[in-house]
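Taking it in order: structure first as structure tokens, then the write-up.
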Amino acid sequence: MLATLFSADAAPGAEIDAALEAAGAIDEGLLHGFARIDDDRAAALAALAAAFAGSPLGDAVAEAVEKIAAGSVADDHLFALAAARIALFGAVHDALLARADAELGRQRAEWHGEPGPAAAATHLLGGARSWLRELAITGWRGVDHDLVAAASQAIEAALGDPELRRLAVLLDGLAAELRAGSPIATMEPVPVRRWADLWSRALLLARDGGRAQRAAQAETVTGRLLVLGVDVHEHPTAVQVQVHGVLEAAGAPVRLVRASVSAAKVDTIVGPAVWRLLAGHPMLLTALAEHRALDLTDMPLLPGGDLIWRDDRARPGDAADPFTTARVHLGGALAPATPPLERHPARIAEPVFVEDLSAVTLDTTRLPACGPLTPAAVASASACIGLLRWDDGTWTVQPLGVLAMVKKKPVGVHTADWALGPTDAKLAKAAGEAVEVLRERAGRLLRK
């Protein structure tokens with residue numbers, strides 16, 4: 001079913017290449033700085049404006065290109081370029097996702113969500129816009145430690161307002177990457193597309209705080225959640241567990257949904273110990289470790305398919321093997337629409353069930369260290385539940401669980417099998433020690 005996507009003849013397509021080339025004009029401007037536009041970059045920006053002629057963004061992009069080429073760089077001009085870039089990558093996302101849906105025979109819901117209200121504390125956003133403007137004028141090649149440090153005040157102000165937390169975390173992450181690479185004039189290679197992605201998203205969020213989907217726009221669902229697999233996102237200061245599953249609810253089609261929980265951490269907490277940070281979600285962790293369904297009652301569900309997880313509204317139910325769930329439900333489950341600001345090729349993560357592993361490219365670089373799923377287990381697998389992703393021009397499948405050969409028998413191995421701790425006693429003891437030591441030290445400091 002996926003073989004066509006992974007065949008040598010499955011080229012991205014002329015339209016996708018053209019969209020990425022148009023976005024490259026903005027990326028090149030950000031690399032060298034919009035204060036220094038030479039003839040080649042001016043021509044590339046003019047081609048970008050021509051590509052948007054007649055579109056809702058056409059006039060704004062044309063004016064921005066004209067003013068920037070003349071040496072005037074204002075917030076509105078940069079906002080138009082950021083919006084154009086996000087629109088281009090959104091179009092690429094839509095084309096790729098439509099191709100994947102066609103190959104999978106997957107039906108997808110239409111988008112009916114509405115933008116959330118603008119953040120109330122918009123007066124705090126000026127500092128963020130100012131820093132992002134300086135980055136654009138200077139260019140990545142001109143970034144040094146002083147320019148990175150200038151973001152501190154804007155980040156601190158945004159962190160202090162819950163409505164702006166999304167922007168604050170994004171700015172903090174971008175600043176950390178720039179700090180690690182400074183001075184960027186000597187850095188090779190520069191992650192041009194990634195930093196342009198972060199800059200564009202941050203600038204749109206800094207416009208009005210980001211009209212993100214809010215809990216008030218969620219419907220409440222009651223039914224049964226059957227887990228397919230778990231994607232673990234881990235960084236030195238945070239961990240997020242994203243559960244992919246299918247939702248059975250009365251009066252509605254079986255739907256693909258996601259549920260995410262997260263926690264702050266320090267860089268010394270790694271491996272199985274990270275599960276201890278999520279102990280506030282015992283119902284979810286129990287279901288993941290014991291491969292059980294979850295009975296949900298009035299759980300909020302956003303239009304983009306994300307459950308707003310409330311652990312007190314879930315109870316572990318009957319045993320539910322993920323491979324049985326994939327075989328029975330995955331082919332006919334209705335996929336959620338993608339929220340407008342989430343439309344980007346890097347965001348594609350479609351649950352798939354693969355039995356002919358020779359027909360796909362398995363990406364083991366994303367396997368988390370907090371579970372038993374290893375490259376060796378994947379190498380011996382006869383079947384896989386994973387996430388179909390588009391990565392640097394090619395399709396890959398990120399394994400979430402495999403049927404691996406253990407003592408000549410197929411055994412299911414999943415990323416979240418250690419959600420309640422490793423089954424090996426030595427590993428379990430080591431996993432708990434780091435968290436307990438840090439908690440004890442923190443308690444000692446608080447008592448002082």
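Which numbered condition in (1) within 22 Å of VAL411 (Cα to Cα); (2) in a loop (DSSP other than H, G, I, E, B); (3) small (Gly, Ala, Ser) is the only one that ALA289 fails?
(2)
Please go through (1) surrounded by fewer than 19 Cβ atoms within 10 Å (Cβ to Cβ); (2) out of contact with any helix residue (DSSP H, G or I) (no Cβ under 6 Å at 6 or more places or on another chain) for ALA83 and return the number of the only condition it doesn't satisfy.
With (1) surrounded by fewer than 19 Cβ atoms within 10 Å (Cβ to Cβ); (2) out of contact with any helix residue (DSSP H, G or I) (no Cβ under 6 Å at 6 or more places or on another chain) applied to ALA83, the lone miss is (1).
Looking at ALA98 and the list (1) without any contact (Cβ under 8 Å) to a residue 40 or more places away in the chain; (2) surrounded by 16 or more Cβ atoms within 10 Å (Cβ to Cβ), which single condition is not satisfied?
It fails just one condition, (2).
Per-residue answers, yes or no, for (1) farther than 25 Å from THR423 by Cβ; (2) assigned by TED's automatic domain parsing to the domain that holds PRO162; (3) surrounded by 20 or more Cβ atoms within 10 Å (Cβ to Cβ):
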position	(1), (2), (3)
PRO253	yes, no, no
ALA263	no, no, no
TRP275	no, no, yes
LEU288	no, no, yes
LEU302	yes, no, yes
ASP312	yes, no, no
PRO322	no, no, yes
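Table: residues versus (1) modelled with pLDDT of 90 or more; (2) over 26 Å from PRO183 (Cβ atoms); (3) in contact with a His (Cβ under 9 Å, 6 or more places away or on another chain).
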residue	(1), (2), (3)
LEU97	yes, yes, no
ALA102	yes, yes, no
ALA109	yes, yes, no
PRO115	no, yes, no
LEU124	no, yes, no
VAL148	yes, no, no
ARG165	no, yes, no
VAL169	no, no, no
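Any idea which of (1) hydrophobic (A, V, I, L, M, F, W, C); (2) in a loop (DSSP other than H, G, I, E, B); (3) crowded, with 21+ Cβ neighbours inside 10 Å is the one TRP111 doesn't satisfy?
(3)
May I ask you to verify whether SER55 is exposed (fewer than 14 other Cβ atoms within 10 Å of the Cβ), within 23 Å of ASP94 (Cβ to Cβ) and not assigned by TED's automatic domain parsing to the domain that holds HIS93?
Numbers: exposed (fewer than 14 other Cβ atoms within 10 Å of the Cβ): yes; within 23 Å of ASP94 (Cβ to Cβ): yes; not assigned by TED's automatic domain parsing to the domain that holds HIS93: no.
When the stated conditions are applied, SER55 does not pass them.
The values are calculated or read from the model by the stated rules, or taken from the named source; none is laboratory data. In this text, all values refer to a predicted model and were calculated from it rather than measured experimentally. Here Cβ is always computed from backbone atoms with ideal geometry, including for glycine, and neighbour counts include all displayed protein chains.
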